[in-house]
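I have placed the structure first, in the form of structure tokens, so that the comments after it can refer back to it.
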Amino acid sequence: MEERKALVIGIDGVPFTLVKEYVEKGYMPNLKSILDQGFRLWQMDASLPDISSVSWTTFLTGVNPAEHGIYGFIHLDPRDYSLRFPNSGNVLAPTFFQILGLDPGGKDSSLARKYLPRFKEPRSSIVINVPHTYPAYPMKGVLISGFVALDMARAVYPPVLVSTLKRMNYVIDVDPSKGHRDRDGFLEDLFQALDTRKEAFDLFFQGKWDLFVACITETDRLHHFFFDAALDQDHAYHNDFVDFYRKLDSLIGHLYDVFRSRWGDEGLFMILSDHGFTRLKREVNVNRALEEAGLLKLRKDGERYQRMAPGTKAFALDPCRIHLHMKDRYPLGEVEEGDGESILRDLESIMGDLKDEEGNPVIRSMYRRDEIYQGPFMDDAPHLLCLPVDGYDLKGRVGTDSIFASSVFAGMHNQHDAMLLLPGNKDFSGKPHIGQLAGLLLDYFCGEDH
Amino acid sequence: MEDYKIRSIVKTVSWRVLATLATMLIVFAFTGEAKLSIGIGLVEAFSKMILYYFHERLWLRISWGKLKHPLADLVLNKELSPEDKEIIRQRLKDLGYM
């Protein structure tokens with residue numbers, strides 16, 4: 001079997017435009033050197049919606065949410081309106097490392113059907129800190145789960161490695177609540193977490209593997225709390241922000257050098273982020289807009305979506321997944337199949353006309369479910385998905401007093417500004433999408449990447 | 001991993017064919033009598049096939065001595081406890097995802 005090796009570095013929430021600017025400013029010399037060696041930086045589209053659980057799952061499975069089953073961090077149980085928190089066990093398509101290991105774990109997908117017959121020997125993978133891989137599951141290699149992981153003992157496969165990671169003081173995630181009460185301490189934690197992450201990457205790098213996926217999530221945490229400091233030189237935390245990126249750049253350079261020194265120029269090297277980031281101006285409570293339009297009715301008692309009352313035609317889940325309140329799906333649902341079209345048109349009109357207090361439009365684009373999703377799990381898909389203009393953070397809160405609100409956060413995700421770094425000879429017919437990368441990796445491993 | 005009953009049945013038959021042929025050859029080697037060899041072989045084949053099948057199904061219920069995957073008992077999508085839900089809700093809230 002021909003020896004093919006790939007190193008993938010994931011940097012959660014790092015925007016293409018910021019990286020480009022930081023490279024030009026000389027803040028990221030290692031990345032510049034890699035680009036000078038024939039790599040190309042692409043602006044990439046993230047998943048719809050552009051949140052980490054959906055985007056990373058789309059990256060790992062190479063299929064869209066209607067095929068892998070993950071539409072967000074939260075899922076509404078249609079039986080009783082309670083919230084569910086999907087985890088790796090709810091991902092219904094195999095990941096590319098399960099396909100490479102020739103053990104799809106009893107799962108099926110269009111990608112698995114295409115590639116499984118092409119591999120004769122299983123390849124082993126080491127996958128560290130990719131969000132939405134908790135609990136860790138059996139696979140050929142090592143899997144250390146990322147956010148949201150509750151218990152280290154269930155975040156590591158094989159479990160025998162748990163004690164090693166504990167001895168290293170490895171942390172799955174920093175404590176984000178600290179970002180609200182002790183900003184300096186939170187920054188320290190982020191820097192320290194990057195050191196531990198490097199230590200874990202180095203340790204597992206020495207092992208036997210064909211594919212190594214190293215994911216850094218501290219960038220996303222930094223951005224949520226400090227993104228306003230990214231380009232504002234007068235900001236109190238600007239230097240810290242840039243220092244963090246210098247440290248990230250140094251880690252990228254280190255991993256690239258180790259990879260090249262071990263495998264020469266033959267291996268495939270890739271960096272990607274799962275979504276972009278931008279400065280947050282206003283939070284937008286979509287459910288309040290639906291309430292004011294008469295499409296959402298709430299009772300006074302109850303918690304969150306259990307407050308929904310008869311007469312509700314539509315509601316939104318984070319970030320802006322609008323669902324029709326269908327009669328055949330929800331206990332209090334009243335929307336008949338034949339009425340869906342006219343309510344959808346109303347929703348498009350309400351959301352399209354939404355403007356902030358200064359008259360600026362809030363919504364950049366809207367998609368109906370049939371336009372963007374295809375697969376066996378369409379029933380869970382939002383009927384309408386809205387993407388905001390940069391700066392307007394769409395929220396699914398229930399029972400707020402106003403549509404617009406200020407935020408305690410400095411940054412928010414965006415879908416159109418994720419980043420991708422690949423060898424210059426890899427090409428796309430248009431702007432790349434995160435869902436294309438699993439196929440690209442599998443093509444590489446079965447020698448069909450020319 | 002459990003075996004389906006059909007697998008046990010096919011294993012029973014394949015082993016019985018092999019074992020009966022061996023018995024018949026051994027009896028023939030000791031006695032030189034072909035009829036006796038075949039007779040013993042046929043009686044043995046039917047009686048032991050039935051015994052083997054039940055023996056196989058009985059052993060499948062005994063986990064002792066079996067190699068077990070370390071995560072074989074892990075139920076991935078088990079119901080979260082209220083405490084687990086609260087931790088997740090809080091973390092999502094801390095990052096503005098709720």
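Results, tabulated for the structure shown:
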read-out: Criterion violated by A:Pro361 - all others in (1) surrounded by 15 or more Cβ atoms within 10 Å (Cβ to Cβ); (2) in contact with a Leu (Cβ under 9 Å, 6 or more places away or on another chain) satisfied; value: (1)
read-out: Residue identified as more than 21 Å from A:Leu440 (Cβ to Cβ) and in contact (Cβ under 8 Å) with a residue 40 or more places away in the chain among A:Phe59, A:Phe96, A:Phe73, A:Phe119; value: A:Phe73
read-out: Residue within region A:307-322 that is among the hydrophobic types (A, V, I, L, M, F, W, C), crowded, with 21+ Cβ neighbours inside 10 Å and more than 22 Å from A:Pro78 (Cα to Cα) present; value: no
read-out: Hey, A:Pro135 away from chain B (no Cβ under 14 Å) and either surrounded by fewer than 24 Cβ atoms within 10 Å (Cβ to Cβ) or at pLDDT below 95 (or both) or not; value: no
read-out: Residues of region A:77-96 satisfying the condition of being touching a Leu at 6+ places or on another chain (Cβ under 6 Å) and either at pLDDT 95 or above or of a type in the set (A, V, I, L, M) (or both); value: A:Thr95, A:Phe96
read-out: From A:Leu31, A:Leu35, A:Leu41, residue being in the same structural domain as A:Asp257 (by TED's automatic domain parsing), at pLDDT 95 or above and either surrounded by 24 or more Cβ atoms within 10 Å (Cβ to Cβ) or touching an Asp or Glu at 6+ places or on another chain (Cβ under 9 Å) (or both); value: A:Leu31
read-out: Among the residues listed as A:Tyr170, A:Tyr237, the single one being more than 14 Å from every other protein chain (Cβ to nearest Cβ), touching a helix residue (DSSP H, G or I) at 6+ places or on another chain (Cβ under 6 Å) and either at pLDDT below 95 or under 30 Å from A:Glu3 (Cβ atoms) (or both); value: A:Tyr170
read-out: Elements of type helices (runs of 4 or more DSSP H) in region A:152-252, at least 2 residues being within 21 Å of the chain's Cα centre (by Cα) and not aromatic (Phe, Trp, Tyr); value: A:183-205, A:218-226
read-out: Residues (part of a loop (DSSP other than H, G, I, E, B) and polar (S, T, N, Q)) located in region A:305-330; value: A:Thr312
read-out: Scan of region A:138-167 for residues that are more than 12 Å from every other protein chain (Cβ to nearest Cβ) and among the hydrophobic types (A, V, I, L, M, F, W, C), ordered by number; value: A:Val142, A:Ile144, A:Met152, A:Leu165
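Results for (1) touching a Lys or Arg at 6+ places or on another chain (Cβ under 9 Å); (2) more than 26 Å from A:Leu111 (Cα to Cα); (3) surrounded by 15 or more Cβ atoms within 10 Å (Cβ to Cβ), shown as yes or no for each residue.
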residue: A:Arg368; (1), (2), (3): no, no, yes
residue: A:Gln374; (1), (2), (3): no, no, yes
residue: A:Phe377; (1), (2), (3): no, no, yes
residue: A:Ala381; (1), (2), (3): yes, no, yes
residue: A:Asp393; (1), (2), (3): yes, yes, yes
residue: A:Val408; (1), (2), (3): no, yes, no
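The values are calculated or read from the model by the stated rules, or taken from the named source; none is laboratory data. Please read these numbers as outputs of a predicted model, since none were measured by experiment. Note: ideal-geometry Cβ built from the backbone for every residue, glycine included; neighbour counts use all protein chains shown.
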